[in-house]
Each structure stands twice: as C-alpha cells, then as structure tokens.
Amino acid sequence: MHARLREYIKSALLRTHAIAATRKTTLEAVARFVASKRAAGEAAELIFICTHNSRRSQMAELWAAAAARHFGIDGVRTFSGGTQATVFDPRAVAAMERAGFLVRNLGGENPRYRVTFSEDAPELECFSKTYDDPFNPAQGFAAIMTCSDADEACPVVLGAALRARLPYDDPKVADGTPEEVSRYDARCLQIAAEMLYLFSRAT
C-alpha cells in the first residue's frame, strides 16, 4: 500500500465497530458472496451503483479494491456504474487523493482516471458510466446499491447474482459550502471502514 493510504486504513479500521448492525448484515451478505465465488474458483465481481456514478459508487469501487488487497483476498474485481453517466466528480477524486490514493487524470469530457493504491497493484480505470456499460461485467456479479434513488430506479439489475442495498448520504449536498471538504472526507472514511469490514469477513 502507498504509505499515506496505509496509515489511513489504520484509522478507518478503528471505526468498524461503529457500523450499524443493519449495515453489518448487508456487508456480511456481500462477504459471503465473495467467499463463495472464491471457493468455487471464480472471480468475485462487485458493481457499486448510484444514480450518476460520480461520487459514492466510484469511492466504493476504489475502497473495495484496496480493502481486498489489505486483507490479501485475491480474485476480487470491483466496478461501478450509474443509472445515468456524468463524470467522476473532482471533489470525490480529491477526497480519495487526500486518503492516499494516487490518481492520474487522462482528461476528456468524461475524464478517465488511472488510480493506484499500491506500488505492486495494477492501475484501476475510473470514469462515469452506466451500470450496464460493456466495461462492467454482465453476469454473476453482486450489485451493491449505494443510493436510494438508484435502488428505486432499478428494481431489477439484470445479470446480478446478488443485490445488496447499502445507501450512503450524498456529499453533493455540501458542494460550494464551507463544509464541502469535511463532508466528502467523512463519506470517504465511512465507505473505507465499511469496505474494510466487508473484506475482513470474506476471508
């Protein structure tokens, strides 16, 4: 792990005890999905879904990948998507950088980012897309709904082997206010703690 990210993970692990019991139940269901796929010798593919694929789902995709690596769980592939495509919001990108991820912006109207969390892990490619974009898996994945709007808009996610509801409050509500940075950082830390809890139970 990158050094700053390694220290951030230590702090996030201290917060796993505060996760609500109902959310732990959901996280444990996804952990069982991951464990069952690995036991069958298959890739455990997770797609995190929110409306615009701009903030929460992107952050969860990256944290899930980092958490799997932290606990030495191989065979995990993480993705994200929305019911609509917009951009990976720069405020969310900045929050991930503050946590210790290294990010390269390749540019474009819908920028593509190359993100790493470790010197010996492959880069992850992040950009806003719909959940059924060809970039994402089409069958046998776990669909994790990170916002209520997407959950309600997609009563069925075709191809999903598991559907889990794990909504996060949208940091967008603080955009342009003095609380903007703290709100994004709080959401980043919450997602980090929950993804670390998930993969602690997937071993």
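The values are calculated or read from the model by the stated rules, or taken from the named source; none is laboratory data. Here the structure is a predicted model, which means the values were calculated and not measured. When we count neighbours, we look across all protein chains shown, and the Cβ atoms used for this are built from the backbone with ideal geometry, even at glycine. Calculation scope for accessible area: heavy atoms of the full protein, side chains included, ligands and nucleic acids excluded. Shrake-Rupley method; radii C 1.70, N 1.55, O 1.52, S 1.80 Å.
Is it the case that Val181 is open to solvent by less than 40 Å² (accessible area, probe 1.4 Å) and either in a strand (DSSP E or B) or more than 19 Å from Ala68 (Cβ to Cβ) (or both)? When the stated conditions are applied, Val181 does not pass them.
Just to be sure I understand, how many residues within region 156-178 are assigned to a helix (DSSP H, G or I) and free of Cβ contacts under 8 Å to residues at least 60 places away in the same chain?
Within region 156-178, residues that are assigned to a helix (DSSP H, G or I) and free of Cβ contacts under 8 Å to residues at least 60 places away in the same chain number 2.
Which of (1) open to solvent by 60 Å² or more (accessible area, probe 1.4 Å); (2) over 15 Å from Tyr168 (Cβ atoms); (3) not acidic (Asp, Glu) does Arg15 not meet, given it meets every other one? Here Arg15 clears every test but (2). Total residues in region 134-156 satisfying the condition of being more than 15 Å from Leu46 (Cβ to Cβ) and modelled with pLDDT of 95 or more: the figure is 1. Taken over region 74-91, the residue count meeting the criterion of being open to solvent by 10 Å² or more (accessible area, probe 1.4 Å), outside any strand (DSSP E or B) and touching a helix residue (DSSP H, G or I) at 6+ places or on another chain (Cβ under 8 Å) is 5.
Being open to solvent by less than 20 Å² (accessible area, probe 1.4 Å), over 18 Å from Asp133 (Cα atoms) and not polar (S, T, N, Q) is true for just one of Ala94, Ala20, Ala35, Ala66. Which residue is that? Can you show your working first?
On the way: Ala94 fails: open to solvent by less than 20 Å² (accessible area, probe 1.4 Å); Ala20 fails: open to solvent by less than 20 Å² (accessible area, probe 1.4 Å); Ala35 fails: open to solvent by less than 20 Å² (accessible area, probe 1.4 Å).
The unique qualifying residue is Ala66.
Here His52 clears all of (1) assigned to a loop (DSSP other than H, G, I, E, B); (2) out of contact with any Asp or Glu (no Cβ under 9 Å at 6 or more places or on another chain); (3) over 26 Å from Glu7 (Cβ atoms) except the condition numbered (2).
Mind telling me which of the residues Glu45, Glu28, Glu61, Glu97 ends up being touching a helix residue (DSSP H, G or I) at 6+ places or on another chain (Cβ under 9 Å) and in a helix (DSSP H, G or I)?
Values: Glu45 fails: in a helix (DSSP H, G or I); Glu61 fails: touching a helix residue (DSSP H, G or I) at 6+ places or on another chain (Cβ under 9 Å); Glu97 fails: touching a helix residue (DSSP H, G or I) at 6+ places or on another chain (Cβ under 9 Å).
Unique residue meeting the criteria: Glu28.
Residues that are open to solvent by less than 40 Å² (accessible area, probe 1.4 Å) and within 22 Å of Thr51 (Cα to Cα) within region 116-129 comprise Leu124, Cys126, Phe127, Ser128, Lys129, listed in sequence order.
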